[in-house]
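Before any comments, here is the structure.
The values are calculated or read from the model by the stated rules, or taken from the named source; none is laboratory data. Remember, predicted model here, so these are calculated numbers, not experimental data. Reconstructed Cβ throughout: ideal geometry from the backbone, glycine too, with neighbour counts over all protein chains shown. The accessibility values were calculated without ligands, DNA or RNA, using every heavy atom of the protein model including side chains. Shrake-Rupley method; radii C 1.70, N 1.55, O 1.52, S 1.80 Å.
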Amino acid sequence: MITIIPEAPENVAAFSATGEVTKENFENLVIPHVKKKVEEFDELNYLLYLDTDLGNFTAGAWLQDMLLGLKNLTKWNRAAIVTDNEGVQNFTDIFSVLMPGEFKSFPKENLYNALYWCKNGNEVEV
């Protein structure tokens, strides 16, 4: 299931993934919300808090996620993946070299730092 993170800054499309994530989650929630943010801000600042195992994403959900990325390719500004999965963190950091915009991984304990970075491009000084 995917839900919108209500504490997200206005210019950030922020989502939390828990349990099983389906194609319908992307079609009914993620894509319309992302579209609204891109129309409003003319760029995409995106955050995904992964509180589920990647095995819980159905094949259709992965396809929808990929299509979302391709469709808004030129609008990516900043994207944060918040997870404690080191494989996903490493992939996100490598992926950032291949995509326009900035992509960064954050550990779960740094969710609010990730939201701040998505909004401003800076991290909170600790």
Residues within the stretch 1-27 that are surrounded by fewer than 16 Cβ atoms within 10 Å (Cβ to Cβ), out of contact with any Gly (no Cβ under 8 Å at 6 or more places or on another chain) and not acidic (D, E), tallied: 6
Matching option when the condition is open to solvent by less than 10 Å² (accessible area, probe 1.4 Å) and either at pLDDT below 85 or farther than 19 Å from F106 by Cβ (or both), among V82, V34, V88: V34
Odd one out for L70, checked against (1) modelled with pLDDT of 65 or more; (2) open to solvent by 30 Å² or more (accessible area, probe 1.4 Å); (3) over 13 Å from the mean Cα position of the chain (by Cα): (1)
The one condition in (1) under 14 Å from the mean Cα position of the chain (by Cα); (2) modelled with pLDDT of 85 or more that E40 fails to fulfil: (1)
